[in-house]
Structures are given as structure tokens and as C-alpha cells.
Amino acid sequence: PTNLHGGRQHPGRLTPRSRRRKNRSRASLERTLQQPRNLRERLELVTLVRALLVTLLLTSAVVVNVNNVDSLSDPTYKAIWVLIIATYIATMIYAFFIRNSLDLRPLAMTQFVGDAILSGGLVFLTGGSDSLFVFLFFLSIVNAASMLGREGALFSASCCSLALATTVLLQGRY
């Protein structure tokens with residue numbers, strides 16, 4: 001053929017350099033395909049742990065107030081019940097999207113925001129900055145770091161800082 005005259009190579013022929021590029025791109029593709037699987041497994045684990053912790057919180061709230069049924073009508077306990085139910089609903093939604101999503105990074109970021117809101121709400125309802133549940137902010141940040149590395153940790157730390165600041169500001173008002 002005329003396009004091979006003049007010393008040009010056939011476009012379909014692989015040179016050693018193009019083989020290396022092809023092998024690098026194949027390895028990159030394999031890492032990309034493998035990463036969501038690991039992220040999916042981590043998200044599933046975190047969702048399960050979240051459901052177990054909320055169940056533990058729910059059980060402890062019931063056990064503590066088993067003798068004093070009137071305290072269950074207290075507005076703080078009602079708010080905690082709403083927070084627990086909202087967490088269960090969010091967990092079911094997360095579980096659905098973990099199974100059906102291809103891009104899990106936005107879902108992970110959404111979970112970080114949800115964890116910060118959950119932690120902030122629980123801290124606010126249980127005593128504000130003096131609450132025993134302030135450590136949940138740190139757990140959220142460590143969780144984000146284990147899932148998405150530095151990017152996730154910084155995003156989660158920003159969300160948790162905002163949630164804690166909001167909690168402290170609201171604590172002064174109420």
C-alpha cells in the first residue's frame with residue numbers, strides 16, 4: 001500500500017514503546033477496576049457498623065429508661081428517637097446505592113456528611129461540647145481516611161468541624 005512507502009510504519013504495528021504504554025494503561029485500568037471493589041467492601045462494612053451502633057444506642061436508651069416510662073416522652077429522647085430512625089433510613093438508602101452505584105466516591109462523601117450531621121446531632125442532644133459522644137467526630141475522620149485517604153480525611157474533618165462549631169453555637173442559644 002502507498003501509506004507504507006517512505007519508511008513509515010504500519011499503524012497497527014506495536015513498537016516496544018507503544019507496548020510499554022499499553023501495559024501501563026492496562027495496569028492502571030486494573031487498579032481502577034480493583035479500587036471500587038475495595039471501596040465498596042469498606043462502605044458495606046461501615047454501613048453495617050453504623051447500623052449496629054445505632055441499634056446499640058437504641059437498646060441502651062430503652063434499657064436506661066425501662067423503669068421510668070415518663071422520661072421517654074421528654075423532648076430530648078424524642079429527638080434521639082428521630083435521629084435513630086433517620087439514621088436507619090439513611091443506612092438503608094446507603095445500602096441500596098452501594099449495591100447499585102458504579103462511582104462510589106460521591107456516595108462515600110455523602111456518608112461523611114451524614115456521619116458529621118449524626119455526630120453533631122447526638123452531641124447536641126446529649127450535652128453539647130461536654131457530651132461523651134464528641135469522640136464520634138474523630139471516628140468519622142479516621143473512617144474517612146481509611147476509605148479515601150487524605151482527601152476523605154480532609155473533607156470529613158471539614159464537615160465535622162462545621163458540625164461541632166454549629167453544635168457549640170446552638171448550645172449557647174438553647
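The values are calculated or read from the model by the stated rules, or taken from the named source; none is laboratory data. Here the structure is a predicted model, which means the values were calculated and not measured. Please note: Cβ atoms are built from the backbone with ideal geometry, for glycine as well, and neighbour counts cover all protein chains shown. SASA here: full protein model, heavy atoms, side chains in, ligands and nucleic acids out. Shrake-Rupley method; radii C 1.70, N 1.55, O 1.52, S 1.80 Å.
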Exercise. Please find, within region 110-132, the residue that is surrounded by the most Cβ atoms within 10 Å (Cβ to Cβ) out of those that are over 15 Å from LEU58 (Cα atoms) and of a type in the set (A, V, I, L, M, F, W, C).
Key: ALA116
Quiz item: Are there any pairs, at least 6 apart or on different chains, whose C-beta atoms fall under 7 Å, with the first in region 77-101 and open to solvent by less than 70 Å² (accessible area, probe 1.4 Å) and the second acidic (Asp, Glu), and if so, which?
Solution: ILE98/GLU44
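Output the number of residues of region 150-163 satisfying the condition of being open to solvent by less than 60 Å² (accessible area, probe 1.4 Å) and more than 12 Å from ALA108 (Cα to Cα). It would help to see each step written out before you state the result.
Taking region 150-163 as the starting set, the residues that turn out to be open to solvent by less than 60 Å² (accessible area, probe 1.4 Å) are 152-153, 156-157, 159-160, 163.
Then keep just the ones that are more than 12 Å from ALA108 (Cα to Cα); that gives 157, 159-160, 163.
So the answer is 4.
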Exercise. Look at LEU107 and say whether it is touching a residue at least 60 places away in the same chain (Cβ under 8 Å) and either of a type in the set (Lys, Arg) or open to solvent by less than 40 Å² (accessible area, probe 1.4 Å) (or both).
Key: yes
Quiz item: Taking region 133-149, which residues are over 11 Å from the mean Cα position of the chain (by Cα), under 20 Å from GLN171 (Cβ atoms) and open to solvent by less than 50 Å² (accessible area, probe 1.4 Å)?
Solution: VAL134, LEU136, PHE137
